[in-house]
Structure formats: C-alpha cells, structure tokens
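See below for the structure under consideration.
Bear in mind these aren't lab numbers, they're just calculated from the coordinates by the rules spelled out. Because the structure is predicted, anything quoted here is derived from the model rather than measured. As a convention, Cβ positions derive from the backbone with ideal geometry for all residues, glycine included, and neighbour counts pool all protein chains shown.
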Amino acid sequence: MKSRKLTAIALILALALSALSACAPQEAATTGEEGISIVSTVFPSYDFARQITAGTDAKVTLLLQPGEEVHSFDPTSQDIIRVSSADLFLYVGGENDAWIDGVLSGLDKSVNTFRMMDYVTLYEEELVEGMQVDESHSHGHSHEEGEEAHEHEEGEEAHEHEEGAGHEWDEHVWTAPVNAISIVKAMTAALIEIDPANAKAYQSNADTYVKELEALDKLFWDVVNTGNRKTVVFADRFPVRYFVEEFGLDYYAAFPGCSAETEPSAATVASLIDRINAESIPVVFYIEMSNQQMANTVAEATNAATMLFHTCHNVTKVEFESGATYLSLMQNNVLALLLALN
C-alpha cells in the first residue's frame, strides 16, 4: 500500500511539475545596451530579476560566479565597478554581505539598492539537538518579526532581542516559496519605480511568475500534508530554516546554515545516525557544492539514501549553462522531499 501511495503521489507531482515548467516565462535579455542595469550578488535575486524583466532590454548580472561559494566570496575591482554603475543593486543583507556597506559608502554616487532580508520575517540561526557549531559564534533559539520579539518554544529560556544586539540571522530567506513571492512583488515595485517605461511588462511578467511560485508552494504543501513523517535530516549545513518553518517540519542537521565548519565531530555524525535509525528516516540530505562525505558516511551506517536538497544560493557552471532557474531547482526539491517524508 505504501508503494502504491508513493507511486500515485509521484505521478501527480510529475504531471504538476511538467505543467509548471511549461508556463515558465522566457529569460530576460542579458546583452541589452539601452535597458537598465541590474546587478545581483546571489543567484535567487538574479533569477527573480531576469524573470521580472523578461523580454525587455534590461541587463541582469550575477556577481557570484557559477560554482563559487557565497561564504568565501571576495568582490573584485570589476565587481565594484559593476555595482557602482548599476541602476539597481540586489543583495541579501546578512553577514556575508558585510563588504557591501563599505563599498556603497565609498562610491561617488548613490546606488539604488534592494535588500532581500527587508521583505520577510527573519529567523535567527538556531541550534538543534546534535548540531555542531563554531565556538566563536553564538546562535539564538528565537526569531523576530519587525521589532516585536517572539519566543521559540523548545523548553529553553527565551532570548530577548534588541536592535544591534549581535543576532546571527539566517540569510537564506528565499528558500520558502512564500518568501520568494514577497521578494518578487517588492522587487517588481522597485523596478517599476526606476524604469516606469517598462512598468507594464514588468508587472505582467511578475504576475505570471507569482502564479508559478504559488503553484510551487502548493506542491510542497501537498507533499507535506500527505507525508508519513514531518522530520528531515541534513548531514551538512542547514540553510533552509525558512523552508522548514513555513511547512511545519522538524529537522536535524550537522551545522547551522552559515557555519564555517566543514569537518563534523564523531558525536555529530553519531547523533544523525541515531536519529535516522530511531525514526526509520529514508533519506539523508546534502546541499549543493557539498563534498557529500558526511552524507555518505551517515547513509552507509543507516541504509538511508542520499539526496540533494538545493538551497538555490548558487548554481554550478553546468546548471547555469543548462538554464537552471529557482523554479526548476525547487521543483527538484519537491520530489526529493516526497521521498524523504514517505
């Protein structure tokens, strides 16, 4: 019965994903000489911008090269020139973007900026049972919406938040489709303000794209609501807290999302193995650009399958050249999650 259920759900999802891909808009032109210039630090905002500006002469540029790790990104002088000449500069806004304030303040002219973290409810990176973290970093167990503090219900003492108190926010805000929708709507408004001549095209593209993101969100909800479990395991860093919070999933992982650690302790590996065995979890996830060694180790000890869960922060050269988009990468995540929850 379980096999039949899984097969039926997979077939429905495959058909839905096929229909979703079929209505994707054309990519934006990247060689326009007369259109506005848009520069993005990471792949998600780059892809959102090219979906919104599709069919116009807007030029969308990605600073983070395909295959490059965002946590070690160091802007070149050419990157700074691109930022200074942009009509709109897109960035995340977290600790990995600390270099941006210095660059912007050092420019001779002001640049229109769009900070993705301004358009969603923020969560701090958190520690969960068995997780390993850099000793030099302190992670909270709560999140903040606007200026109102909320408690994270884990039986631990709540942490009060004050502006500028050194919170380490999870920067991967786009991993929840509802956040992507909020960001796309706000980005569209920013582009229309900068380039009103193309307002109709931008709004039409955005309306189509938002519908596709809403369909993606529904697919994830279908998988979660029909799943046999609500727990996922990442034998890797965990940059998808916004995703699990949105869909009410529990998780176990080796490291927080922006951890600089790469080698897990024996205790961390053992904790993940014990969790998978205790709950008969069928899939252990790793993220893009990972060496997968930890996931392979955990899988060998548990008979779980290893699968990629793409956080979309960047793509490989092969993915980029083959036309990967936020939508296509997240569609693959739908199928991965289906297997992980059943």
Using only the alpha-carbon atoms, what does the range 169-294 span along each of its principal axes? Please give whole angstrom values in decreasing order. 59, 35, 22
Explain nothing, just compute: Karplus ³J(HN,Hα) = 6.51 cos²θ - 1.76 cosθ + 1.60, θ = phi - 60°, for every residue of the range 105-117 in order, whole Hz, x for Gly and Pro. 5, x, 7, 6, 9, 7, 10, 5, 10, 9, 9, 4, 5
Stretch gain in nm, segment Leu339-Lys230, where the contour uses 0.36 nm per residue and the Cα spacing is subtracted: 38.0 nm
What are the residues whose amide H is under 5 Å from the amide H of Ala254, where those residues sit 5 or more places off or on another chain and H is modelled from the backbone? Phe234, Asp236
Cα centroid separation, the range 33-92 to the range 203-222 (Å): 23
List the trypsin sites (Lys or Arg not before Pro) within the range 39-122 that fall in a DSSP loop (any state other than H, G, I, E or B) and whose Cβ has at most 10 other Cβ atoms within 10 Å. Lys109
Placing one equal point scatterer on each C-alpha of the range 274-339 and summing with Debye, one gets log10 I(q)/I(0) at q = 0.12, 0.13, 0.27, 0.29 Å⁻¹ equal to -0.35, -0.41, -1.15, -1.23
Taking amide hydrogens as modeled 1.01 Å from N in the peptide plane, which residues meet the under 5 Å criterion relative to Thr61, leaving out close sequence neighbours? Ile38, Val39, Ser40
With θ taken as phi - 60° and the coefficients 6.51, -1.76 and 1.60, list the Karplus ³J(HN,Hα) couplings across the range 95-103 in order, rounded to whole Hz; mark glycine and proline as x. 4, 5, 9, 4, 5, 5, 4, x, 5
